Structures are given as C-alpha cells and as structure tokens.
1. Can you list, largest first and rounded to whole Å, the semi-axes you get for chain C by taking the square root of 5 times each eigenvalue of its Cα gyration tensor?
2. Going Cα to Cα from B:LYS413, which lysines come in below 22 Å? Please leave out same-chain ones fewer than 8 positions away.
3. What angle do you read, to the nearest 10 degrees and between 0 and 90, between the alpha-carbon axis of helix C:158-171 and the longest principal axis of chain C?
4. Can you bin segment C:98-173 into rounded, prolate or oblate? Criterion: square roots of the alpha carbon gyration tensor eigenvalues sorted a ≥ b ≥ c, rounded for a/c under 1.5, prolate for a/b above b/c, oblate for the rest.
5. Based on Cβ point charges of +1 for Lys and Arg and -1 for Asp and Glu, what charge dipole magnitude is obtained for chain C about its Cα centre, in debye rounded to the nearest 20?
6. If each DSSP helix of 4+ residues adds -39,500 (n - 2.57) and the sum is divided by the residues in chain B, what number results at 222 nm, nearest 500 deg cm²/dmol?
7. At 0.36 nm per residue, and after removing the present C-alpha to C-alpha distance, how many nm does the segment from B:GLU91 to B:LYS8 gain when stretched out fully?
8. What is the helix-to-structure angle for B:139-151, meaning the angle in degrees between its Cα long axis and the longest Cα principal axis of chain B, kept from 0 to 90 and rounded to the nearest 10?
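The values are calculated or read from the model by the stated rules, or taken from the named source; none is laboratory data. Model, not experiment: these values are computed from the prediction. For neighbour counting, all protein chains shown are included, and Cβ atoms are generated from backbone atoms with ideal geometry for every residue, glycine included. SASA here: full protein model, heavy atoms, side chains in, ligands and nucleic acids out. Shrake-Rupley method; radii C 1.70, N 1.55, O 1.52, S 1.80 Å.
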Amino acid sequence: MSGMSSRMSGRAARRAGLPALGVALLVLYPLVLPLLFSANQARYWTLSIGSNSLILGVVALSLIFMSGYGGMVSLAQASLAGFAAYIVAIMNLLPSSTATGATIGFGWPPIPSAIVALILATLAGALVGAIASRSSGIYFLMLTLAIAVGFFYVVLQNYEFFGGHIGFAQILGPTGQPRANPIAFYYMCLAVAVFAYLGLRYLVRTQLGLTFQAVRDNPRRMRALGYRVSLHRIAIFAIGGFVAGLSGVLGVWYRGNISPGVVDLSRTIDVLIIAVIGGLGYPVGAFIGAVIFVILDVFASSVEVFGFSFDERFNTLIGLAFVVIVLVAPHGLVGLVDRGWKGTKRRLSSSRAPATAGEAAAGPAGDATEEGIPAPVDPIDQRDPGSTGIGNS
Amino acid sequence: MTFATTKKLAVLIAATAILAAACSSGNATTAPASQAPADSAAPAESMAAATCSGKTIKLGGLATLEGPFAVPGQEGFRGIEQALNDYAKVEGKEGWWLGDCEITLTKEGSDATPAVALEKAKKLIEQDDVDILIGPLSGDEGLAMKDYAKQVPDKTFVNGSSAAQDTTFRDPAPNFFRFSTDGAQWQAGLGKYAFDDKGYKKVALVAEDYSFPYTQVGGFMYEFCEAGGKVVQKNWVPLGTKDYSAVVSNLPTDVDAIYVALGGADAVNFFTQYQAAGGKAKFIGGSITVDQSVLATEGAFADSLVGTITASPTSDTATEPAWLEYVKNYKAQFPDGLPYPGLFALSYYNETVGVLKGLEAVNGDLSGDQKAFMEALAKVTFDGPTGPVSLDSNRQAISSNYVSEIQKGADGKLAAVVISKVDNIPQTLGLPADSPYLAQPVSRDFPDCP
Amino acid sequence: MTVGSAAEAPAPALQLQGVGRRFGALQALRDVTMEVAAGERRAILGPNGAGKTTLFNVVAGDFPPTSGTIRLYGTEVTHLQPHRRTRLGLTRTYQNSQLFMGLSVADSLYLAGRGVRSGRFSMVRPRASDPALVHAREVADIVHLGDVYDRAVGSLSHGQQRQLEVGMALAGRPRLLMLDEPAAGLSRGERTMLTDLLRSLPRDITIILVEHDMDVALAAADRVTVMQEGSIVVEGTPDTIQADQTVQDIYLGHSVGAHHG
Ligand SMILES: Nc1ncnc2c1ncn2[C@@H]1O[C@H](COP(=O)(O)OP(=O)(O)O)[C@@H](O)[C@H]1O
Ligand SMILES: [Mg+2]
C-alpha cells in the first residue's frame, strides 16, 4: 500500500525489469519464428503454441489469483471460461447459421459480444462464489467441481441455448480467422494476457485486493474490522470469473467453435495441472505452467526413448513428466526457482549480518513480495480457543 | 475456514488426475512396430513399381486414444498400418515405400472432442508438415475437421472412421475425402428388412445424442419411414449414460421393436437394465450396438438379443475371399488385436488404401498444392475387403453394407449372421436427390414419422 | 481516578441484560447483567475459564448469546452480525492475536481503518495523501510500530504483534474498545508502554479491558468487574475490589503478579 509508494528500492526496480524483459520477449516471439521455421511451422508456433499458451495461461491465472490471494482453489474456472465462450457464440451468431437449431442468437459483432460475455462471466463467477464460498476444504472443492460438471451436462443436453452436443461453429474474432492473420491474433492474446496480469497485480494492492488477502489470512478478524466477508469472497469470485471469461473469449475466437468438450472435466483438470506446475502461489506461474503444458501435450507423442515410441502412450509420458514436476517442485516451477533464490539470498545475508529476532521468526512469510504470495497461515493455528466458529460462516 | 486445506487437496487432485492420465492408455495394446515382417502377409498388390523417387511422403494418422473410444482408436491405427503393410511393403526393405519414396506415418491421439482433434490435426499439418492427414475417428471430430480442411486447401484430408452425414453431404470441403461409408450408409438395408421381412410397423428408439447416432437413425428411418413404418418415440441420451431407468420406464409397450443406437458400455447398460425391468421387445441395432464387444460380454441380457437385426459395413461371419484374406492378414500382423477387425479398422484401412492408390496414380507427386493428387484421388476405385469402393462427386465413398441377425451358434455363443449384402450403396441410400428426406440435415427431430 | 460519569451520559456504551451463553452442557456465561457508561474504563477480572473471552465474543457478535440482550449505545445488537457492530463503533482485540500474517503492518492498519467506512470495495489504489493511509501511519506511531511499518506481520516479534492487535482495534476509530488481555506475553517495558497508551486515549473512547496483570488493570480502570464460572461476582472501584474478601479468595490470592502469560 503505502509500501508501494515509499519502497522503490533497487530490488523493486530489478523486479520491475524482469517482467518488462519477459513482455519484450513475448512481443518479439512471433517475429522471430519465421527466421527459424517454415511458414507453416511459424504459424503453428504463433497460434497453437504461443496464443494457446497465453489463453490457457489467463484461465490458470484466474485460478492462481483466487488461490493465492483468496485462499480458494476453485475448480469452476474452466467452466466460467467456457461459459463466456458460449455467450460469445450466442451473441455473435444468428439462429439460422447454427447447425443444431439453437433458437437464440443475436448476430452481434465480436467486440460487443465479448463485452456481454465478460459481464455475464463476471456475474456467473459471483454466483458460483455465492454458492461455494460458504463451504471450505474438500466441500469447497466438491461444490466447485459439481458446478463444473453440472455446466458440462447443461450445455451437452440443452439445444435451445447451447447447441447441445455439437455446439456452435464459425465464430470469428475481431482479427478474423486466426490462421489468416496469426500475428494479429497472437498480439491480441498477448495484450489481453498482459492486461489480465498487470490488472491483477494492480488490483491486489488496492483496497479490494487487500481485503481478499486479509479474508484469506483471517476472515474472523475481517468481520471484526467491519467487513462483510461473504461479499468480499463473492467479489473475488466475480473477478476470477471475469479473468476466466477473458480466456474463454479468446479461446472461442481461437478455435472458431465451441462444444461441450471445451468444458468437460479434463479441461478443468488441465487448468488445475497448469496452475500446479507453474506454482499455485505465483501469478506468473500460470503462463510458465501453460507453456510447459502445451509443449508437453504437443510433443509427448513425438518422443522416443531408447527406441520406444510414445506415440500411442503419450499420456503416459505427460503423466510421468507431471508427476516428476509435482514431486520435485511441490510449489510449482516458479516456486522452485523463487524459493531456491530466496534460500540462497537468506544464506548470504545471514552470513554477513545476524538476523534480528523478528526476521529469524519470520520464515518465508517474512519475504512478502509482489511476486510470490506468502503462503496463508492455516487458520486452524490461529483460531481463538474460545470460538466454535458458530456464526463464522 | 481452512482454505489452506483446499489448496493441499487441489494439489493432491491434480496429482491424482495426472496419474490417471498416465494410466489411461495403459490398457491400450502397443502398436505393432511399423516394420512388421513383410512375409507375414502377402501384399495384396505391391506399389513398388511406381516411379517415385527422392521424396518422403508424410502421412499423419489421427484417432482417439483417450475417452470412450480409446479401443476403437487402436483399431483405427491398426487399419492404417495394415493398409501400409499390405500395399506398401517392399521385399528386403524396412518401412513403407512407393517406388523409391519412403512413406512415413506420424500418429496423434485425440479424446473424441472436436477441440482436441483440431489441435492434434493442426500439430500434424502445421508442425509435423504431413502431406496427407488420415482421421479422425468420431462424428463431431469429422465435422470440425472438414471446417479446418477448408482453411488448408493445399493439404489432403482423408477421413478415418467418422461417419456423420454432413462431413461430406452438405457444404463439403474440396480437399476432404472419405473412402469409408457414413452412418446412414451403415444402416442400408436395415429399415426395409425390418418392415418387409420382420414385419415391424411401429418402433421406438433409444440413441446417443450426437451426430453419429443422428446419422445412423437417419439411415434407418429413410428406409423404414419410406416403407410405411412409424417411429413413435425417440429417446436421446447423453453419450456415457449409465442409468437408463427413466428411459426404460418411458418406453411404450405396444411397439413391435426398439431401435437401439448405443455403443459399447452404453449398450450393455441399456440391455441389462431393460431386461431387468422385464422388457420383452425385439431389438433393431445400430452398427456398433451389437458388435463383438457387446456380444462378448455375455451378460444376462444375451438371450434377449437373439433375433436382433442390425446392419454394418463389416461382418465377422462374411465369407468372401477378399474379406478372409484381410482378416488373415489382420490376425497375422496384430496378434494382440481383436478377434476380428471391426468397422473402425476397416474404415481406416479403406481410407489408407484409397490414399495409396491415389499416390500411385500420380507416382507420389504432391507438387502444385497437391491439385493433381487430389484429382487422381477423387477418381480412385478399388476392391476393398468387403467389396468395391469408389467416390461420388462429394468425394464420399460408395460401397458395400451387410444386414445381419444375431443368432446363437452351435457353441452357444452369439454371432451376427449375414442375411444380405448390398454393394455400391450411395450416400443417399438410393433416395432421389429431391427426396424430402434429404432436404434437411439429420438431427434429433429429423427425419420424423410418428 | 474518579468513578465514572455514567449517570450523566445519555446512553451507556454497553448494556447487558441477563446474558447467557451455553456450549453444550457448559454454561460459559450465566445471567450477566452489567452496564458500562460512555467514557468509562472498565476492567474485567477473573480466573481462567471464568467466561471473560466468551463475554467479548458474544458482545462482538462472533456468536449470539443463548439468552439475554445486548445494547450498544442504546441500540439493541443481540443478533446483529459482527461487522455491523463494528460499524456502530465497537472494536476489539483478541487474547490470541488475530492478524493478517501475509500483509504488512501498513496494510493491516489501513484495512482496519477502512472497515468502518464506505469504499470497502474500491479498486483504485490510494494515493500517499489518502486520509486512510495518513491515519494508518498515525496509529502505527501511537502503538510504536512506526519503525516496522512496511514489514510483514508474520515477521514481527510477539510484542510487536500484540501492539498491532491494539493498533488495529484503534484504527477503526472506536467508541467502545474491548481489549482481551492486551498485555499477555509483553515484557515489563512493553507493559509500561501499553499502560501509557491506554491512559493517553481520549475519554470519548470507552474501554473494557480484560487483564490478569493487576498493575495494568487497576491503574487503568475506573471500575472493576470480577467474574467467576460465567457469573459476575463483584463490581466496584479498584479500591473496594482490592479490599474485597471474596475477590481475594477466588482470584487475587492465586495469581496477582504471578501471571505473565
Ligand atoms: N467455543 C467454545 N466451545 C466450547 N466451550 C467454550 C468455547 N469457548 C469457551 N468455552 C469454554 O467456556 C469457558 C469460558 O472460557 P473463556 O471465555 O475463554 O474464559 P476466560 O477468557 O475467562 O479465560 C471455558 O470453560 C471454555 O472452555
Ligand atoms: Mg480469555
């Protein structure tokens, strides 16, 4: 907060430099590809690897945001993205142009369709929050999972609104057919991803963003400070819904079509896996996780180990790779790098000057940074022994 | 509130999902090495005589290796490989050849959703730069593939076993070819046989709710409704439905038969629950409803299937020499395959044979954005394992179909016994081009003859 | 210190009428009736398990009483949600610190000040001149946390965390401030600082203090309420309480000066 204004130290400057470098590389990426690859491959790396990673990264970002700043791992994010995608299709298409006899359709241009989709995804996120945020632990996971599965069956079986099993096709975004102009499409995805990332970074230092972290750390104290905690939980879901919606809008423009397969359980799990690979506590991990996921998914079938081809067992290879990542880096790959770096730093600084008592007691949370979200303290540890939690929902 | 616990659980769930993914292909049989010994199957015809040289022809194979169609996906790849083994083997050489041009195969697996099928197709076409893509396996994937094919006019797309009607019937892609018949053609002869020979006048139907069963139901109803039969009730259930109690109790009792277009486990579940509920009706089966995988379960419902009529482009009990040769080669090349190659293997096989014939006709020359090759491909005809195969003006196969009836053999096992076989079945099943049945795409509500 | 000016005030800060709270078979509070005048400093004493914290929880709204009524400045709040009571001017500290371990001191004090004002959902970053930020800074100085203003709460010493507890309650500009053993675990020097701080607070803040340390409690209090097994045993001025035989028996005799957290 005030820290932001007063603490523009060398470290902060360095930390600001890193993202800028990252964004510069991402801007150059599609321009360099034609120098390395054939035109076909350059397009593939621009769209199927580059844009697709950004799109998946944005939905994973929504999950990481909610988990890191709100302490809530929602399994409904892929469904909220899919919901936005469906809304884009419904707003964009005319009933006559759908193959399946959907009776709703408005024929709006892409951008207004997207705006409606984002508004509705935000509201849908809030609704999920209103339903799910009263529970916690395994029940919270089960509720969000139930919402995800329920939505899959709704779109699968509803023909009037969602086009049933077949869904909708021929949905074009503002840049037109992605293949026709891959670089424009890529930059649109990049712009949205950067907007989402920086927007959330800004948000978490605002009044609202701070309330999310405070509710995560200690909802009881938040109530005692005058906050209506349930509304703040709903707000974080709404924002998570909006960010997931961004991904859904880009996704439907990327694929050009939408069908129930885009909101089935495996997509939910994909998002979770991406977030876990990248690191649930690190927003930038969403994009790192997405790139690794996409590359593994694409190339696992081309891998040969000692002459044994994985082409028909590519899932085995993907699975093995993920298991290794989860085992080696329980806080995700970004967590691995971050903690490794901090560990080194701590060792260096402690050899120079003895840590104060406060720092010694601090542990990792002492390094509250803009990048890594300090792990929430398990509220069980701080529960007032005199409280049953009655009325604490 | 213990959201920290939620987070730990989430990581746990992700890890579990990962493990599940790792194991999901565990029961799949390993693909035979592409260098199956050439002498294990005498090539039907070698293409070594073609005067191709100095190039590599890259084929991409796309089938389903995850989800409900994982086993059919294995079959699909066997079909591609068998065609290559049968037609593109050269004595004393590893690999597959057209003249001196090597033919390579890159495989990708989808999970039967159009989104994933498209991603894998893009990978094969754009990243791996294959010349010809063979696939996909299921109906909705095929519809998506046709749309994608239009965006890539300089590559050739050849179907796998996907059998939705509109993949080729309406708004076709000029570079999409289908040497396998569609789901309606797979029902050719069944509606007539049911009405004329079995005397069924009134039926109700239970089918999965997506494009392939729509096409199957359409093919059946074209003939059945045209003959004067009535389909008094349609029950569409989601793919993968396990509980049929609502459907079963809803079925009318005053029908002559129930038309069932469900596949694999869905069919087994339905038949079991129908029988348990005391249902007595006769059945008419879709092409994958009473195939080996269902008959072999030998569930309590087995006896109730005797007398079920069905239609399909393959028959385990066919006796033509070409079929027997094909089955012999299949068994030799894939010792761990199914007892008989099913329609997925046959479809992919015929597609691949078509591709090889087309390549042979142009001596492997794919230059000029493959225009010459595509022209030649559209004219390919050959005698496949079940009969002659040719393409119509939409590049859709005209080929053979069997009507069969489930009977109990001397060994007590159920088998589909061929009643009749018809060659050269067009996509319209012989309806005139202006027939009202062809005026609309098949769907849940069309055709209709209540 | 004179006995409070309760009689002149229009409405007492806190009025409890027959308040009871039962946890299963345990009657943690029974028939508590008491009144704290506006501006008064009230200490609540009693052995461990007497029900002092439960009384705070019921007053703050963590859970409702199983019987009786609670009034804040004349308004009945018996079943009001906790955040609504805070907005009516009631803030509190906890016997076991309830802090935001992932946030900084600055953020905690800022949030504590904003909870009772509108704009709780603001998505605009406050500027450095924002009154809420200025106020947070002032409170930090008052509770001697100015030096660690930007530090993460998790990295503070125990004493600093206890000071932050008080700071967060103060930042909400309370009319009624309830402090649950604020001196627990503090060093002697820190205790003195705390006593000075309490003394320096203006009289428009009413204070209810649960405190084992008699030095702190009696120095700060106008009146003292002694509880045992959920009931009020005696109430009076510090002098009368110190002289009271019952109090000597149940409480002072055991733990005066001996309890240091
Ligand atoms: N949430 C609760 N559930 C069950 N019993 C409780 C709860 N809170 C307090 N108690 C019990 O109520 C009694 C009073 O506790 P408390 O109010 O914490 O005492 P004090 O603060 O005076 O030490 C104790 O016996 C305690 O165990
Ligand atoms: Mg207590």
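1. Numbers: eigenvalues 177, 93, 59 Å².
Computed over chain C, the values are 30, 22, 17 Å.
2. B:LYS413 reaches B:LYS280, B:LYS282, B:LYS328, B:LYS331.
3. Between the helix axis and the principal axis of chain C, the angle is about 90 degrees.
4. Working: a/c = 1.68, a/b = 1.62, b/c = 1.04.
Prolate, since a/c reaches 1.5 and a/b exceeds b/c.
5. Numbers: 26 positive and 27 negative charges, 217 e Å.
With only Lys, Arg, Asp and Glu charged at Cβ, the dipole is about 1040 debye.
6. On the way: 12 runs with 146 residues, N = 450.
Using -39500 (n - 2.57) per qualifying helix, the result is -10000 deg cm²/dmol.
7. On the way: separation 83, 0.36 × 83 = 29.88 nm, distance 5.88 nm.
Using 0.36 nm per residue and subtracting the Cα-Cα distance, I get 24.0 nm.
8. Tilt relative to chain B: about 40 degrees.
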